[in-house]
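First the structure, in the form of structure tokens, and then the observations on it.
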Amino acid sequence: MTQTNNNMTVNPDLAMERAKCNFNVLEVTHIFDGGERNTLQRKKIEDVALNSGASKDALGEEHMSPKEKYENAVRKSCIYATMMKNELAELSGLESFGVSSPVIRRTADAFFKEVSPFLLHLGMFVPTIMGQCTPEQQSYWLPRALDMQIIGTYAQTELGHGTFIRGLETTATYDPETEEFVLHSPTLSSYKWWAGGLGKTVNYCIVVAQLYTKGECHGTHPFIVQIRDEDTHVPLPGIKVGEIGPKMGFNTADNGFLGFDHYRIPREHMLMKNAQVLKDGTYVKVARHGKLTYGTMVFVRVVLVNEVAFNLAKASTIAVRYSAIRRQSKPKPDEVEPQILDYVTQQHKLFIAIATAHALQLCSTWLWESFSAVLAQMKGGNTDTLPEFHALSSCLKAISTSDSAHLIEQCRHACGGHGYMISSGIPNLYNFVSATRTYEGDYTVLLLQTARFLVKAYEQAEAKKPLTPTVSYLAHAFSGSRATWDNSPDGIIRSFQALAAGKTAVCVTNMRKRMRAGLSQVDAWEMSTIQLVAAAEAHCRAVIADTYRKEIVRLTANSSPNVKVVMDQLTTLYLYYWALERTGDLLMFTSVSQKDLVDLQIAYEELLLKIRPNAVGLVDAFDLRDELLHSTLGSYDGRVYERLMEEALKSPMNKEPVSDAYSKYLRPMMKGKL
Ligand SMILES: CCCCCCCCCCCCCCCCCCCCCCC/C=C/C(=O)SCCNC(=O)CCNC(=O)[C@H](O)C(C)(C)COP(=O)(O)OP(=O)(O)OC[C@H]1O[C@@H](n2cnc3c(N)ncnc32)[C@H](O)[C@@H]1OP(=O)(O)O
Ligand SMILES: Cc1cc2nc3c(=O)[nH]c(=O)nc-3n(C[C@H](O)[C@H](O)[C@H](O)COP(=O)(O)OP(=O)(O)OC[C@H]3O[C@@H](n4cnc5c(N)ncnc54)[C@H](O)[C@@H]3O)c2cc1C
């Protein structure tokens, strides 16, 4: 049944798939990693972190109690943190470890099937210190945080409010007598809720609270707050803190609650880069843009696009490898059962997942570069590009997390019953990624932020004023004719832009009509929000399609011919897929005909067949080590059934031949003695 490949026993179907792959897998790995140098560096980091076996558990996390799971995650976080401080820090080329290294973050996934309780420390606490402190504050807090002498989290959301930050109720009232802020939770709904690591792990947190000084409220501001003793870890007087209980995922992250009873912190613990309170209580606004205190959220939204691309790459690797070894049904009676990957419907489920992982990965790099440019401009005092960037990062966060969650679930469907096993790895991926659609700004809420920008941009276009780059296509929205359909990649991208422009125009027209009919601006906006969300989604799809196409053309300029072909096929597949998903819109806003759409469907199906022989090669090119996949179905060797059985036998339920439940309940019931 099996054959040996590089000292590994590999399922013959997978071996056959690899033999027929016609492109250089490593070249595609380099494209996905952003260059050969990055691949080499990633592999070195993975070797150091994973070859010692420290990431492995004797007993699977899924068989542990919640308390054991948490303690095990802390244990491994400490091992990984120590590695990061020592050997990994140097390897990843970081002066300070962790924060900007997606490779370090990804490698950590070998240690945690869910997430590390330190995720918020590195993902938000440290970035907030970097982004919201004055230089003096930073020089005090950052070394302590990076050295893990203190561990922190980001406590913004409250029981009563997550989305509407201006509605937060926690107060920080300045007392000039003692030069302290008094933190207080006036209501149950003002309790901080959700912060990762808050329940048991951290001793500090960033708390976002309404700032009061000299009797006036100045809105929400961030504070750094000690909540547990640095030695004993006991919660400090005036602090009520705990863990919020079981969740769909994130069960090793001890998300917590936190309340304050007139709890005092020194004045210097307000993070004062963007606004200050002087000793006498005078409030001084420093920042040139009112929303700079939201900066950590913008950073995480950017990071999340990359994060979900990675998780989608994992799910598609699992599902494609499994589909290559799984044989089912007998459409041709004289032939053996086909690999399920040969079913065109299966290819339809899976190849879009591979293409989307590429699209999001390349968009995330582009978004990161745009973010760096915006930060550089802001350093020089120019915040002009921030609104466009906020609109862009908001919609990319919303669409990337939503599409990835949907496609990961589709990968599970593609794995049939076995995909439902925790050991397949897919449920954990789904539970993690579906949360990303909500946290750091809910899907709808963020798309409405983008819609605000689109409507303003549309009005600028209408007034023939200059437009910023990502919405420059709106300048063509007033030609009066429908966009000409053309099924070339560039033609499809132009059509996506026409959809976004057309939908935005419909929203503006409807809002104006509603206002003329007597609705207030707020109510007219509210009544149009379904369409506004759709317009923002269309805009984002146009941005992703355009960026993916341009980046792949650029990155494959010097690639070998077959790599160029397969990368072009994936990009085209992405464009065809979304055009076919939006046929109604295309009929409304472009000149596409019924025949064009029938032809496009045929072209899409033919493309699936062209990609089919390279499918396993494409997921191998993600180069995800088995330790990162945590999957019985997706391991490189394809020994699926063997692994499923090995995992089943590990179940504590199989430790005893007869369950205690037999003598306690079953037997009495069956003997009529219950
Ligand atoms: C060493 C140890 C190692 C050990 C172990 C190893 C571990 C491995 C870990 C490795 C880590 C590596 C690091 C990487 C980690 C990456 C992963 C990170 C994952 C982190 C997990 C996070 C978990 C979740 C956290 C959270 O959810 S935090 C809370 C987030 N909350 C939100 O996002 C709330 C959403 N709401 C809002 O943003 C706002 O309220 C709103 C935008 C919806 C509305 O705001 P507001 O009401 O104030 O504004 P208006 O609507 O009135 O708009 C006014 C104008 O302001 C503009 N605006 C709004 N926001 C912004 C902005 N951010 N920037 C710019 N402009 C903005 C509007 O557009 C309006 O403009 P206009 O008036 O011109 O239209
Ligand atoms: C796993 C996880 C980890 C988290 N970690 C943290 C953390 O570390 N720190 C932290 O501070 N927070 C954290 N959060 C909280 C998270 O940021 C919020 O849950 C998120 O921002 C959504 O806010 P909400 O829960 O108030 O939802 P709500 O705003 O109550 O949303 C509920 C529904 O109402 C809709 N809605 C709300 N407002 C509007 C509107 N204006 N227009 C139209 N529809 C609207 C939404 O679309 C949604 O469908 C975490 C959440 C999760 C799930």
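The values are calculated or read from the model by the stated rules, or taken from the named source; none is laboratory data. This is a predicted model, so every value here is computed, not measured. Note that each Cβ is placed from the backbone with ideal geometry, even for glycine, and that neighbours are counted across all protein chains shown. The protein model used for the area step is the full one, side chains on, heavy atoms only, and it has no ligands, DNA or RNA in it. Shrake-Rupley method; radii C 1.70, N 1.55, O 1.52, S 1.80 Å.
Results, tabulated for the structure shown:
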| quantity | calculated |
| --- | --- |
| Qualifying positions in the stretch 107-139 - more than 16 Å from ligand 2 (Cβ to nearest atom) and over 30 Å from residue 43 (Cα atoms) | 133, 134, 135, 136, 137, 138, 139 |
| Subset of the stretch 402-421 (residues that are more than 28 Å from residue 536 (Cα to Cα) and open to solvent by less than 30 Å² (accessible area, probe 1.4 Å)) | 414, 415, 419 |
| Candidates 538, 505, filtered to the one that is within 26 Å of residue 593 (Cα to Cα), under 28 Å from the mean Cα position of the chain (by Cα), in the same structural domain as residue 453 (by TED's automatic domain parsing) and assigned to a helix (DSSP H, G or I) | 538 |
| Any hit, the stretch 555-569, residues being open to solvent by 40 Å² or more (accessible area, probe 1.4 Å), modelled with pLDDT of 95 or more and within 25 Å of residue 451 (Cα to Cα) | no |
| Among (1) part of a helix (DSSP H, G or I); (2) open to solvent by less than 20 Å² (accessible area, probe 1.4 Å), the one test that residue 580 misses | (2) |
| Cβ pairs under 6 Å, 6+ apart, first in the stretch 370-394 and farther than 26 Å from residue 537 by Cβ, second assigned to a loop (DSSP other than H, G, I, E, B) and open to solvent by 20 Å² or more (accessible area, probe 1.4 Å) | 377/385; 383/288; 383/289 |
| Scope the stretch 227-245; condition in a strand (DSSP E or B) and either acidic (Asp, Glu) or open to solvent by 50 Å² or more (accessible area, probe 1.4 Å) (or both); matching residues | 235, 240, 243 |
| Some residue of the stretch 455-477 being in the same structural domain as residue 505 (by TED's automatic domain parsing), within 16 Å of ligand 2 (Cβ to nearest atom) and either open to solvent by 80 Å² or more (accessible area, probe 1.4 Å) or in a helix (DSSP H, G or I) (or both) | yes |
| Total residues in the stretch 509-567, condition among the acidic types (Asp, Glu) and within 16 Å of ligand 2 (Cβ to nearest atom) | 3 |
| Residues within the stretch 422-442 that are open to solvent by 30 Å² or more (accessible area, probe 1.4 Å), within 9 Å of ligand 2 (Cβ to nearest atom) and either of a type in the set (Phe, Trp, Tyr) or more than 16 Å from the chain's Cα centre (by Cα) (or both), tallied | 1 |
| Residue in the stretch 596-611 that is small (Gly, Ala, Ser), outside the structural domain of residue 576 (by TED's automatic domain parsing) and open to solvent by less than 60 Å² (accessible area, probe 1.4 Å) present | no |
